[in-house]
Every structure is written in C-alpha cells, then in structure tokens.
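Have a look at the structure below, then the notes.
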Amino acid sequence: ASHIFTLSERLREVFIERFGIPHGNVETVYAGPNFDVSSTPELPADRGAAEPVVLFVGRAFERKGGPGLLEAFQIVRESLPNTRLLIMGPDALPDTPDEAPDGIELLGFVDKSTPAGREMLLETYRRAQVFCLPTQFEAFGIVYLEAMYYELPCVGPDRWAVPEIIEDGVTGLLVPPDDP
C-alpha cells in the first residue's frame, strides 16, 4: 500500500514500529460515531437527578473488560446501593445464573441498524449518567465517542488509544487496566 489511514495515533505507531512502514505513509484520521447524529433526540434536563446509572456497550464482553466492570460495580454498590448497571451487547453474562445480579439490567444485543434497535440504543444512552468500558484492548473506541455525544463522562483504561479519546478529569476518567 502506498498510504495507510488509521483510527488512532497509537495504531499508527504500531504500523511504524512493528511493520516498518515509513512515517510519511501512515496517517491518523480518527473516526466518528456509528449513527446519524442529525436524528438524535434531545437529552433529558434532569439526568443527574435520577438514580445513578452506569452504561456498558460492547458485544465482546470479556475483551471489553466486562468481568472487571462487574467487580467494580459491586464495590460501587457498597457506597451507592441504588446504582444500576445497564449492559448492552452480550446476551448473557459469563458464570452467571439465569438471572442477572441485583442492580444489573442485561439488555442483550441491540441491532442499531433497525428502527427499534436504534430507538432502544438512544433511550439507553439517555438513561445513563456515566459510560464505562474498561476494555482490555482498543484500537480506537468509537463507543466512547458515541457516549460523549450523549454528554456522558466516560471511564476507560489509561492504555492503547483510549487516552486519545478520554481527557482524564475533563471528559471522564482514565484508570489502570484490570483495577476495579
């Protein structure tokens, strides 16, 4: 290839370091949300007044840090027992009986290419006060952009391309990987 476009600066560095691609042949272009932003409904004015709601969106639950999130959620519930965790993506949680643990709402896979799926995704973002994806690896992380579009502060690992998206202490928090 004469030129390679990447989703993140970190991914650009990988092409240069690991594959020996010349600096001038690799350019970071980033990405945007995977939905039509012109049709997004207005955000609720009283979002902060409701019970605390944390949102996780990711089908690859384990790679996206889901098990660590479940552990962190139990710690949060000790201080804030009314906190809820919405999990969109997986149809089931690993090592969990038929019913999700207390405070967790398992929404399953939502196909945002359908009108019903898109509406459910939008409504779920509107219900949340914070977005958390403690991913194990992320070449970029478009889902953080989507959450930020809904004015949600984001929590993610201080590794890979995530610090290119989340500005620690401004648009969310960066945390060490695998540290509930």
Is region 9-24 home to any residue that is outside any helix (DSSP H, G or I) and either open to solvent by 90 Å² or more (accessible area, probe 1.4 Å) or within 22 Å of Ala147 (Cβ to Cβ) (or both)? no
Only one of Glu138, Glu146 is buried (at least 16 other Cβ atoms within 10 Å of the Cβ), without any contact (Cβ under 8 Å) to a residue 60 or more places away in the chain, touching a strand residue (DSSP E or B) at 6+ places or on another chain (Cβ under 8 Å) and charged (D, E, K, R), namely Glu138
Are any residues in region 136-158 at pLDDT 95 or above and over 25 Å from Asp36 (Cα atoms), and if so, which ones? Pro157, Asp158
Hey, any hits in region 51-67 for a residue that's over 24 Å from Pro153 (Cα atoms) and open to solvent by 90 Å² or more (accessible area, probe 1.4 Å)? no
For residues in region 68-82 being surrounded by 17 or more Cβ atoms within 10 Å (Cβ to Cβ) and touching an Asp or Glu at 6+ places or on another chain (Cβ under 9 Å), which is farthest from Cys132 (Cα to Cα)? Arg77
Consider only pairs whose beta carbons are under 6 Å apart and that are at least six residues apart or on different chains; among these, list those whose first residue lies in region 61-89 and is among the polar types (S, T, N, Q) and whose second residue is in a loop (DSSP other than H, G, I, E, B) and open to solvent by 30 Å² or more (accessible area, probe 1.4 Å). Asn82/Glu51; Thr83/Pro52
Counting just the residues of region 40-50 that are of a type outside the set (D, E, K, R) and loosely packed, with under 10 Cβ neighbours inside 10 Å, which one comes out farthest from Val76 (Cα to Cα)? Ala45
Need pairs with beta-carbon distance below 7 Å; first residue under 16 Å from Leu55 (Cβ atoms) and within region 103-130, second assigned to a helix (DSSP H, G or I) and open to solvent by 30 Å² or more (accessible area, probe 1.4 Å); sequence gap 6+ or separate chains. Gly103/Arg77; Val110/Met120; Lys112/Arg118; Gln129/Arg47; Gln129/Gly48
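Could you tell me which residue of region 90-111 is most open to solvent (accessible area, probe 1.4 Å), considering only residues that are closer than 23 Å to Asn34 by Cα and either in contact with a strand residue (DSSP E or B) (Cβ under 6 Å, 6 or more places away or on another chain) or among the hydrophobic types (A, V, I, L, M, F, W, C) (or both)? Let's see the steps before the verdict.
Step one: filter region 90-111 for residues closer than 23 Å to Asn34 by Cα, giving 90-91, 106-111.
With the extra rule that they be either in contact with a strand residue (DSSP E or B) (Cβ under 6 Å, 6 or more places away or on another chain) or among the hydrophobic types (A, V, I, L, M, F, W, C) (or both), the set shrinks to 91, 106-107, 109-110.
Working: Asp91: 116, Leu106: 58, Leu107: 33, Phe109: 98, Val110: 23 Å².
Filtering region 90-111 for residues that are closer than 23 Å to Asn34 by Cα and either in contact with a strand residue (DSSP E or B) (Cβ under 6 Å, 6 or more places away or on another chain) or among the hydrophobic types (A, V, I, L, M, F, W, C) (or both), the one most open to solvent (accessible area, probe 1.4 Å) comes out as Asp91.
Taking region 25-39 as the region of interest, how many residues are surrounded by 16 or more Cβ atoms within 10 Å (Cβ to Cβ) and closer than 29 Å to Leu93 by Cβ? Let's see the steps before the verdict.
The first filter runs over region 25-39 and keeps only residues surrounded by 16 or more Cβ atoms within 10 Å (Cβ to Cβ), leaving 26, 28, 33, 35.
Cutting the leftovers down to closer than 29 Å to Leu93 by Cβ gives us 33, 35.
Within region 25-39, residues that are surrounded by 16 or more Cβ atoms within 10 Å (Cβ to Cβ) and closer than 29 Å to Leu93 by Cβ number 2.
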Residues located in region 32-47, provided they are farther than 16 Å from Arg126 by Cβ and either in contact with a Phe, Trp or Tyr (Cβ under 6 Å, 6 or more places away or on another chain) or part of a helix (DSSP H, G or I) (or both): Ser38
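The values are calculated or read from the model by the stated rules, or taken from the named source; none is laboratory data. The model shown is predicted, which means the values in this text are computed figures rather than measured ones. Every residue, glycine as well, gets a Cβ built from its backbone with ideal geometry; the counts of neighbours run over all protein chains shown. The accessibility values were calculated without ligands, DNA or RNA, using every heavy atom of the protein model including side chains. Shrake-Rupley method; radii C 1.70, N 1.55, O 1.52, S 1.80 Å.
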